[in-house]
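Notes follow the structure.
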Amino acid sequence: MKIALLQAANGADYDANKKQAEKLAAAAAEQGADLVVLPEMSILEFFPRVAHRYEYFELAEPLPGPTLEWFRGLARRHNVHIVYNHYELSGEHLRFDTSVVVDRCGEYRGRQRMMHVAEEPGYNEKFYYTPGWDEYNVLDLEGWRFGIATCYDRHFPEVFRSFVLQGAELVLVPTAVAAQEPFAEVYELEARAAAVTHGVYVAMANRAGSEDPLTFLGRSMMIDPMGEVVARLGDESNRVCVAELKKERVTRARAMFPFLRDRRPETYDLLNLPPHST
């Protein structure tokens with residue numbers, strides 16, 4: 001399977017963002033992509049950069065809804081599977097940062113709500129998002145099993161391990177990492193370590209461009225289970241990179257680094273304890 005990572009820069013113009021997404025998806029399809037992955041808040045401005053603005057709640061919409069319908073049409077037009085990130089309204093008051101899977105026939109295949117919600121300068125997310133309480137969902141496309149770790153979720157090894165223990169060979173990471181983040185310094189290191197530790201491909205689709213006060217890092221990349229970066233972009237806006245996944249790389253990595261084989265879950269009771277205060 002070939003995966004395309006779309007590195008987009010969005011603004012407040014929703015229709016312009018959609019046009020840009022279509023252009024990038026078409027370019028990915030021309031390069032033979034089977035699966036297209038968009039960054040966090042795929043066709044919206046990154047509104048959590050602004051603190052406590054109730055009007056942004058109006059951007060949330062239910063599933064199914066108009067945005068899902070638009071992406072279903074996009075998938076059919078370009079004959080690609082799509083993973084996009086959505087501001088989901090559930091009921092009257094709950095809003096989630098949700099990644100959505102649509103197959104190449106335009107069928108809705110599932111979702112993963114972001115489970116961990118950040119709060120730091122430029123990421124006022126606890127005001128806008130409810131933490132997900134879904135299970136960690138593993139989905140299947142073209143014989144590949146995968147999970148989705150949305151943005152802040154990527155920092156938690158438990159997320160990757162939850163997917164892998166259900167058979168995931170790939171973890172997709174739609175994200176919005178800015179150069180101002182403390183995490184920017186370890187952005188690649190952390191992802192490569194996760195790939196090796198869990199024996200999976202890691203596909204990072206990041207935003208690019210500037211949305212005051214943030215300048216997004218870009219550097220979308222595909223990392224194989226040996227920790228090798230097999231495709232990457234720079235910091236340019238509105239770019240696509242395509243990489244091919246190979247099952248034998250997963251098999252080889254897990255044979256060379258048999259961490260899953262040698263787990264001792266009977267000794268891990270402490271993982272359910274709160275962190276030790278210092």
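The values are calculated or read from the model by the stated rules, or taken from the named source; none is laboratory data. What you see is a predicted model; the values in this text were computed from it and never measured. Cβ placement follows ideal geometry from the backbone for every residue including glycine, while neighbour counts extend to all protein chains displayed.
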### Query
Between a first residue in region 130-146 that is within 18 Å of residue 102 (Cα to Cα) and surrounded by fewer than 17 Cβ atoms within 10 Å (Cβ to Cβ) and a second residue that is modelled with pLDDT of 95 or more and not aromatic (Phe, Trp, Tyr), which pairs have beta carbons less than 7 Å apart while being 6 or more apart in sequence or on different chains?
142/1; 142/34; 145/138; 145/167; 145/168; 145/169
### Task
Taking residue 36 as meeting all but one of (1) touching a residue at least 60 places away in the same chain (Cβ under 8 Å); (2) within 23 Å of residue 105 (Cα to Cα); (3) buried (at least 21 other Cβ atoms within 10 Å of the Cβ), write down the number of the exception.
(1)
### Query
Restricting region 219-229 to residues that are part of a strand (DSSP E or B) and in contact with a helix residue (DSSP H, G or I) (Cβ under 9 Å, 6 or more places away or on another chain), which is surrounded by the fewest Cβ atoms within 10 Å (Cβ to Cβ)?
229
### Task
Any chance you could count how many residues in region 202-218 are touching a helix residue (DSSP H, G or I) at 6+ places or on another chain (Cβ under 7 Å) and under 19 Å from residue 33 (Cα atoms)?
2
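Is one or more of the residues making up region 74-93 assigned to a loop (DSSP other than H, G, I, E, B), acidic (Asp, Glu), more than 16 Å from residue 177 (Cα to Cα) and free of Cβ contacts under 8 Å to residues at least 12 places away in the same chain? Give the steps one after another, and end with the answer.
Step one: of region 74-93, the residues assigned to a loop (DSSP other than H, G, I, E, B) are 79-80, 91-93.
Next, from what is left, pick out any that are acidic (Asp, Glu): 92.
Now narrow it down to the ones that are more than 16 Å from residue 177 (Cα to Cα): 92.
If we keep only those that are free of Cβ contacts under 8 Å to residues at least 12 places away in the same chain too, we end up with 92.
The answer is yes; a qualifying residue exists.
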### Query
Considering only region 252-274, how many residues are loosely packed, with under 11 Cβ neighbours inside 10 Å, at pLDDT 95 or above and hydrophobic (A, V, I, L, M, F, W, C)?
1
### Candidate set: region 158-177, residues that are of a type in the set (Gly, Ala, Ser) and buried (at least 23 other Cβ atoms within 10 Å of the Cβ); chosen: the one nearest to residue 257 (Cα to Cα)
168
### Sole exception among (1) modelled with pLDDT under 95; (2) on the phi < 0 side of the Ramachandran plot for residue 122, by number
(2)
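Of all residues in region 231-278, count the ones that are of a type in the set (D, E, K, R), touching a residue at least 60 places away in the same chain (Cβ under 8 Å) and in a strand (DSSP E or B). Explain how you work it out, then say what you get.
Here is the first cut: in region 231-278, the residues of a type in the set (D, E, K, R) are 232, 235-236, 239, 244, 246-249, 252, 254, 261-264, 266, 269.
Of the ones still in play, those that are also touching a residue at least 60 places away in the same chain (Cβ under 8 Å) are 236, 239, 244, 247.
Next cut, in a strand (DSSP E or B) only: 239, 244.
Within region 231-278, residues that are of a type in the set (D, E, K, R), touching a residue at least 60 places away in the same chain (Cβ under 8 Å) and in a strand (DSSP E or B) number 2.
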#### Entry: Verdict on residue 97 being surrounded by fewer than 16 Cβ atoms within 10 Å (Cβ to Cβ) and under 30 Å from residue 265 (Cβ atoms)
no
### Message
Please return the ranges of strands (runs of 3 or more DSSP E) entirely within region 95-197 where 3 or more residues are basic (Lys, Arg).
### Response
108-113
